[in-house]
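Read through the structure below, which is laid out as structure tokens, and then see the notes.
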Amino acid sequence: MPRAFITGVTGQDGQHLAEFLHGKGYEVFGLVKGQNNPRMVQMRDEFPYVQPVPGDLADLPSLVKALEYAQPDEVYNLGAISFVAMSFNQAELTANITGLGVLRMLEAIRMVGGASENSMRLYQASSSEMFGKVRETPQTERTPFHPRSPYGCAKVFGHDIVVNYRESYNLFACSGILFNHEGPRRGLEFVTRKVTNSVARIKLGLQKEIVLGNLDSKRDWGYAGDYVKAMWLMLQRDQPDDYVIATGETYSIEELVKFAFAEVGIENWRDYVRQDPKFFRPAEVDLLIGDSTKARTELGWKPEVDFPTLIKMMVAHDLKFESDKIR
Ligand code: GDR
């Protein structure tokens, strides 16, 4: 039975990945931080096959102990401070967890997993936020980085240190440069879920309006369930490499809002949307659109769920989620 170790296992991607790997017959271990972590209760109920291992990305000895215990064949480093807006207020914490956490994981693998061809394989969650103020469109694995947030800067460090350890110590370490990926398990702080959940609540008479920031930025949005397959595919190759994972289509926040309201039969969506400066960011990423030709060719990966289907899925989920709460 192959063994996988996931950091960030309680997050959206961690849940999808745990489910996917369990379906493939893996024994799944998940790093769980903190004392009495409330998200673990949900994990125990919904994903009883995930074996929790205590530890923290800020604490190298705990990562060493976790790897010694789990003895994984594959390590998926999804743990991070992942909310871009928050990274402006907690920049040092973001650099420590999202950036230095990657270095600690690489060191733990070198200590426990060995640096040979048979070493533990690492997947690092890199991000399209590294492209930031984009130097070319669409973005590929060769597009230079220009991050626009402490989060983006930390992800660039994580990405570069993975390349450096791969080249220096012959580690099997890959980075997936994932563009935005969403779904019903997305946290309510991210714009897609904030919108689909608010639209459902407005439809059900539980909320009057949505308060948002910048409606003009554009994102390449895919479905998280599709994207975790790409993570696994990267680790099954003969050689480690980095891959852009994206749909190749881009939509603005305004289009997202329009699509979501249309799903519940509301056309005059502007009557329900207000903008507030507090949701604008000090520096914005205006346009992201990825070219995933390399992943499509070398990994045989492609997205199955397009943007309209994704929004339909999320609105349907939130209508049920909110109605169940009031029953
Ligand atoms: P992003 O996702 O920053 O792209 O990073 P997010 O959903 O937070 O923002 C997308 C865009 O929407 C604009 N926006 C708002 N965003 C939020 N969260 N709330 C609002 O009210 C709002 N109004 C407008 C933002 O300004 C932005 O332009 C996500 C994260 O998952 C990262 O961890 C990941 O690396 C990248 O996607 C790929």
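Condition check ((1) away from the ligand (no atom under 16 Å from the Cβ); (2) touching a residue at least 40 places away in the same chain (Cβ under 8 Å); (3) assigned to a helix (DSSP H, G or I); (4) under 21 Å from Glu189 (Cβ atoms)) across all residues:
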{"position": "Gly225", "(1), (2), (3), (4)": "no, yes, yes, yes"}
{"position": "Lys258", "(1), (2), (3), (4)": "no, no, yes, no"}
{"position": "Ala262", "(1), (2), (3), (4)": "yes, no, yes, no"}
{"position": "Glu284", "(1), (2), (3), (4)": "no, yes, no, yes"}
{"position": "Trp301", "(1), (2), (3), (4)": "yes, yes, no, no"}
{"position": "His317", "(1), (2), (3), (4)": "yes, yes, yes, yes"}
- Item | Those residues of region 180-223 which are without any contact (Cβ under 8 Å) to a residue 12 or more places away in the chain and either of a type in the set (A, V, I, L, M, F, W, C) or in contact with an Asp or Glu (Cβ under 6 Å, 6 or more places away or on another chain) (or both), in sequence order | Leu188
- Task: Filter region 134-185 down to residues that are touching a strand residue (DSSP E or B) at 6+ places or on another chain (Cβ under 7 Å) and aliphatic (A, V, I, L, M), then give me how many there are.
- Result: 6
- Message: For the structure I just gave you, tell me whether Ile177 is touching a residue at least 40 places away in the same chain (Cβ under 8 Å) and either buried (at least 23 other Cβ atoms within 10 Å of the Cβ) or among the aromatic types (Phe, Trp, Tyr) (or both).
- Response: yes
- Which one is surrounded by the most Cβ atoms within 10 Å (Cβ to Cβ) among residues in region 58-87 that are farther than 14 Å from Lys155 by Cα and within 16 Å of the ligand (Cβ to nearest atom)? Tyr76
- Could you list, in sequence order, all residues of region 263-316 that are more than 30 Å from Lys208 (Cβ to Cβ) and aromatic (Phe, Trp, Tyr)? Trp301
- Message: Restricting to region 41-57, name every residue that is surrounded by 15 or more Cβ atoms within 10 Å (Cβ to Cβ), touching a Ser or Thr at 6+ places or on another chain (Cβ under 8 Å) and over 26 Å from Glu107 (Cβ atoms).
- Response: Met43
- Query: With respect to Val156, is the statement that it is surrounded by fewer than 19 Cβ atoms within 10 Å (Cβ to Cβ) and β-branched (Val, Ile, Thr) true?
  - Reply: no
- Item | Candidates Val191, Val195, Val211, Val199, filtered to the one that is within 14 Å of the ligand (Cβ to nearest atom), among the β-branched types (Val, Ile, Thr) and surrounded by fewer than 17 Cβ atoms within 10 Å (Cβ to Cβ) | Val211
- Message: Condition (residue is basic (Lys, Arg) and in a helix (DSSP H, G or I)) applied to region 291-299: is it met by at least one residue?
- Response: yes
- Task: May I ask you to verify whether Phe280 is out of contact with any Phe, Trp or Tyr (no Cβ under 9 Å at 6 or more places or on another chain) and within 18 Å of Arg186 (Cα to Cα)?
- Result: no
- Query: Any idea which residue in region 245-256 is surrounded by the most Cβ atoms within 10 Å (Cβ to Cβ), counting only those that are in a loop (DSSP other than H, G, I, E, B) and within 13 Å of the ligand (Cβ to nearest atom)?
  - Reply: Ala246
- Task: Taking Ser168 as the residue in question, decide whether it is hydroxyl-bearing (Ser, Thr, Tyr) and surrounded by 22 or more Cβ atoms within 10 Å (Cβ to Cβ).
- Result: no
- Query: Of the residues that make up region 258-271, is at least one within 25 Å of Arg135 (Cβ to Cβ) and outside the structural domain of Glu136 (by TED's automatic domain parsing)?
  - Reply: no
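The values are calculated or read from the model by the stated rules, or taken from the named source; none is laboratory data. No experiment lies behind these values; they were computed from the predicted model shown. Positions of Cβ are generated from backbone atoms using ideal geometry, with glycine treated the same way; all protein chains shown enter the neighbour counts.
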